[in-house]
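Here's the structure, in structure tokens; my notes come after.
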Amino acid sequence: MIFITGYRRFKKILGLSRQARVCTGCQAQIHYQVVRVISWFTFFYIPLFPYSVRYYLVCPVCDCTFQIKKAEANAWLQY
């Protein structure tokens with residue numbers, strides 16, 4: 001019997017940062033995108049349970065990405 005297992009990632013843009021900042025990658029004045037990526041364990045391509053949740057800041061101009069913690073993601077969305 002063959003079992004097909006794996007993982008799948010779901011990405012969701014939570015919003016833009018409230019204050020404009022200078023991107024360290026492209027030096028543009030931008031509002032960072034706050035992104036949540038959830039990795040799911042799959043069984044026959046059906047997501048069963050999440051095993052990883054990560055948060056990122058993404059520059060919409062150059063796609064420069066920084067991993068941040070959940071508390072930092074909330075702070076970026078509030079300011």
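The values are calculated or read from the model by the stated rules, or taken from the named source; none is laboratory data. Being a predicted model, the structure only gives us computed values, none of them experimental. Positions of Cβ are backbone-derived with ideal geometry, glycine not excepted, and every protein chain shown enters the neighbour counts. We work out accessible area using only protein heavy atoms, side chains counted, and drop any ligands, DNA or RNA first. Shrake-Rupley method; radii C 1.70, N 1.55, O 1.52, S 1.80 Å.
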| Accessible area per residue of the chain at 1.4 Å probe, in Å²? | 73 Å²
| Can you give the helix-only mean residue ellipticity at 222 nm for the chain, where every DSSP H stretch with n ≥ 4 adds -39500 (n - 2.57) and the sum goes over all residues, rounded to the nearest 500 deg cm²/dmol? | -3000 deg cm²/dmol
| task | Would you give the gap between the C-alpha center of segment 32-66 and the C-alpha center of segment 1-27, rounded to a whole Å? | result | 4 Å
| query | Considering only DSSP states other than H, G, I, E and B, which chymotrypsin sites (Phe, Trp or Tyr not before Pro) in segment 6-72 qualify as loop sites with at most 16 other Cβ atoms within 10 Å? | reply | 44, 45
| query | Which value, in nm² and rounded to one decimal, describes the direction-averaged projected area of the C-alpha convex hull of the chain? | reply | 6.0 nm²
